[in-house]
Every structure is written in structure tokens, then in C-alpha cells.
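Enquirer: Input: one structure, supplied below.
The values are calculated or read from the model by the stated rules, or taken from the named source; none is laboratory data. In this text, all values refer to a predicted model and were calculated from it rather than measured experimentally. Neighbour counts are summed over all protein chains in view; Cβ atoms, including those assigned to glycine, are modelled from backbone coordinates with ideal geometry. All accessible areas refer to the heavy atoms of the entire protein, side chains included, with ligands and DNA or RNA removed. Shrake-Rupley method; radii C 1.70, N 1.55, O 1.52, S 1.80 Å.
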Amino acid sequence: MQAVDNVPVTQRVAGRHPGAVTLRVLGALLGYPDAALRQHLYEFEALLAADGVLGARRRAGVAALIQHLQESDALAAETEYVELFDRGRATSLYLFEHVHGDSRDRGPAMIDLGETYAKAGLLLVEDELPDYLPAVLEFVSTQPPREAKGFLGEMAHLLDAVHAALAQRASPYAAALAALLDLAGHKPQADREVPEEPPIDESWQEPAAFDGCSSAGQARPGQPQPIHIMRKNPTPPQGA
């Protein structure tokens, strides 16, 4: 979300659908915390208050996230973001990762969503995927309140899953997902158990070709075992 210098907050919110500015603020906070984002963090609390669609509890949670980003070293904030969102499946902000994974269905779903954006006059920046949550929120912010709430409601189960994973990690980013669930009319289920998963890059590693030739069906599974090579037609000893 781009800020306009010297324009009062109330003027930036005026004329927009209720909730539109809040959706853009939450989308920005869920984006990569680069220098451009950090430059405008100080504006976000006032924008949320002026929009007036979040309760005091949710605004306080988002304010804690904003403060966390303001107080974090730039490199530390960027590293935290990558570790949290780019290396974990349960916390991935690419929503179709939770629905289609790496299946072939993901491609057509991406195309359909991209066409939905194009019809609304929203063009993605280069290399940005349509199922990236900040991009989704940018689109939803352009819709009237009823349609926006319905769109969020359709993805509420995905938002809830990501929220639970973030809450389980005690991440301040969980507050942004909780706020989105409020806007969707759903209560966050923070107490749900989320199984621990290996980082995405670990799941791409090639398994060892033999790994000690151990398998669950062997006499001593999990332990390296010798290989005995026998000739099919052994040569008879000399003088036999």
C-alpha cells in the first residue's frame, strides 16, 4: 500500500468502502518487511482506527505486530519472515499450497484467479503469484463490503489454518490473520493442533540412494548392514 505524503488519514479513508483500508494495511503487514514497508509502519495504526471496522482487541494485536516490526533490526525482520512464511508449509501465504499442494490442479486455479483480478482491473506485479495472500487482500479491498466478506468467508478455513500455525509458534503475525478472520465473520480457532512439518526446502531434498541398505523389512532396520556379493556361476578351484 502506498502512502500519500501530507494527506490527512481521514481523507485517505473517506470515500472508500468500510474495511478496504484495513484490508490493505493487513495485506501490507503480511508482505515482505523491506525498507519500503518499514518506512510507512508509523501510519498503519491511525489508518486502522479511522477505518473503524476492527474491535479494540484486534487493533491492539495488530499494533503489537507493527511495534515488533518497528523495533526489529531490518535483517532480523527479513530473516524471520523468510523462516516463517517461505520455509514452512503450514504457515505459507500462498493459499493454493494448502489446497492443491504441488498437484496439476494448482495451475488452472492460478489462471482462474488471475483472470478474476484482471476483470476487476487489478494487474499483478512481475513474478507475483495470484494466490499470495497480500495480493488476494489487495483484490478483496476493491470489492464492496458484502462481496469482500463473502470472498474472505470462502477462504476462512485456510486463514484459520495459517492463524493456528502462527499462534502455535507464538508469532505476532497471528494477529493479522485473526483480524482477517474477524472481517470474514469467523472466530479464530487458535487452540487447534497443527502437526509439525519439515521446512519446504528439506522436503525437496533427494533421499539417499541406499542409506546403508537398511529398510523396515530387514533384521536390523535403521542400521547399516554388510552386502554379500556372490557369483552366479563360481569358477571351480584349480585341480578340481
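Enquirer: Can Ala109 be described as over 10 Å from the mean Cα position of the chain (by Cα), modelled with pLDDT of 95 or more and open to solvent by less than 50 Å² (accessible area, probe 1.4 Å)? First the steps, then the outcome.
Expert: Values: over 10 Å from the mean Cα position of the chain (by Cα): yes; modelled with pLDDT of 95 or more: no; open to solvent by less than 50 Å² (accessible area, probe 1.4 Å): yes.
No.
Enquirer: Of the residues in the range 25-40, how many are part of a helix (DSSP H, G or I) and touching a Pro at 6+ places or on another chain (Cβ under 9 Å)?
Expert: Just the residues of the range 25-40 that are part of a helix (DSSP H, G or I), to begin with: 25-29, 35-39.
Then drop every residue that is not touching a Pro at 6+ places or on another chain (Cβ under 9 Å), which leaves 26-29.
The qualifying residues number 4.
Enquirer: Suppose the filter is out of contact with any helix residue (DSSP H, G or I) (no Cβ under 7 Å at 6 or more places or on another chain) and surrounded by 12 or more Cβ atoms within 10 Å (Cβ to Cβ); does Gly150 pass it? It would help to see each step written out before you state the result.
Expert: Working: out of contact with any helix residue (DSSP H, G or I) (no Cβ under 7 Å at 6 or more places or on another chain): yes; surrounded by 12 or more Cβ atoms within 10 Å (Cβ to Cβ): yes.
Yes; evaluated as a whole, the condition is true for this residue.
Enquirer: Yes or no: the range 120-139 includes at least one residue that is part of a loop (DSSP other than H, G, I, E, B), in contact (Cβ under 8 Å) with a residue 24 or more places away in the chain, open to solvent by 10 Å² or more (accessible area, probe 1.4 Å) and β-branched (Val, Ile, Thr). Before the answer, list the steps.
Expert: Taking the range 120-139 first, the residues part of a loop (DSSP other than H, G, I, E, B) are 120-131.
Those left that are additionally in contact (Cβ under 8 Å) with a residue 24 or more places away in the chain: 129, 131.
With open to solvent by 10 Å² or more (accessible area, probe 1.4 Å) added as a condition, the list becomes 129.
Next, only the ones that are β-branched (Val, Ile, Thr) stay: none.
The answer is no; no qualifying residue exists.
Enquirer: Can you spot a residue in the range 186-193 that is surrounded by 15 or more Cβ atoms within 10 Å (Cβ to Cβ) and at pLDDT 90 or above?
Expert: yes
Enquirer: Here is a list: Arg38, Arg58. Which entry is basic (Lys, Arg), out of contact with any Leu (no Cβ under 6 Å at 6 or more places or on another chain), at pLDDT 85 or above and crowded, with 19+ Cβ neighbours inside 10 Å? Steps first, please.
Expert: Numbers: Arg38 fails: crowded, with 19+ Cβ neighbours inside 10 Å.
Going through Arg38, Arg58 in turn, the sole match is Arg58.
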